[in-house]
Amino acid sequence: MELDLLLAAGPLAVALWLRPWRLVGPAGPPWIWLAWCALMPLLWGTDRYVGMSVVQPLSGAVMLLMMTGWPLAMLALVPVTLLTWAMAGLDAAEALHRLVWLGQMPATIALLLGAAVRRWLPNQLFVYILGRGFAATALSCVLSGALSMALHGATPGLDPDEQMIGRWLAAWGDAFLVGMLVAIFVAFRPHWLATYSDRLYLRPPPDEPPPR
């Protein structure tokens, strides 16, 4: 628990120092952000709700990152954790573990992968959806699950190989969900995605003057 507490404190301290709530307009955050936060405790507590520890919970944190940006996502994960703690009947150590390894770690790894995508791949809509929405989600969830098992071991009663397979499958479930939602939001509600910009991803061809 001490390691998870230390890992959780760092991102929260950085997020508070950045004061990301200043970027939210006077009307407050879009309702879809709040709806996704309300859904995440259902994803995080799946194994407890169905009573099968082999069922690995989904993360949903990368979608939150795509919508709100990293600092706000780190802060929003705290009420998500509290709701999961209450709804899934977790103890404090397990709730903290899920904050770090289902929330903060996948979102942070996805942030780094997204920065690499922007740095080394062309700024195209296709790259944003598949690179940041799909591939970065799958890789971040797999890496987070593997690192968690390397530091904490498998869940008691589960074979490590079986649990890693479960986390691999859950990561792809996350990736398909996030990739699909990102594609829909880009097409119909791009302002719901804090990580997306028409100016960056829909630039006119060089021989065409920009719209006034």
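Laboratory data are not the source of any read-out in this text; all were calculated from the coordinates shown. Computed from a prediction, not measured in an experiment: that's the story for all the values here. Every residue, glycine as well, gets a Cβ built from its backbone with ideal geometry; the counts of neighbours run over all protein chains shown.
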Where Rh is the Kirkwood radius over the Cα pairs of region 107-204, the temperature 10 °C and the viscosity 1.306 mPa s, what D in µm²/s does Stokes-Einstein return? 109
If one builds a Gaussian network model of the chain from Cα atoms under 10 Å apart, the most fluctuating residue listed among Val142, Val24, Val80 is Val24
Whole-Hz ³J(HN,Hα) for each residue in region 121-133, computed from phi via Karplus 6.51 cos²θ - 1.76 cosθ + 1.60 with θ = phi - 60°, x for glycine and proline: what do you get? 10, x, 7, 10, 4, 4, 5, 4, 5, 7, x, 8, x
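Output the direction-averaged projected area (hull surface divided by four) of the convex hull of the alpha-carbon atoms of the chain, in nm². Walk me through the numbers before you get to the answer.
On the way: hull surface 52.0 nm².
Answer in nm², one decimal: 13.0.
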Mean separation of Cα contacts under 8 Å (6+ apart) over length of the chain, as relative contact order %: 24
In region 1-198, taking the dipole from +1 charges on Lys and Arg beta carbons and -1 charges on Asp and Glu beta carbons about the Cα centre, the listed residue (Leu158, Leu65, Phe185) farthest towards the positive end is Phe185
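Hydropathy first: keep DSSP H helices in the chain averaging at least 0.5 on Kyte-Doolittle, then drop any whose Cα extent along the axis falls short of 18 Å, and list what survives.
Taking the DSSP H segments of the chain (at least 18 Å long, mean hydropathy at least 0.5), we get 2-18, 31-44, 70-88, 105-120, 136-152, 160-188.
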quick shape note, region 1-58: Cα extents on principal axes in Å, largest first -> 43, 32, 10
Computed label-point distance, nm, for sites Glu2 and Asp159 using a 7 Å Cα→Cβ extension: 3.4
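Show me the three semi-axes of the equivalent ellipsoid for region 1-112, from the C-alpha gyration tensor (sqrt of 5 times each eigenvalue), largest first, rounded to whole Å.
Working: eigenvalues 107, 54, 28 Å².
Equivalent-ellipsoid dimensions as semi-axes: 23, 16, 12 Å.
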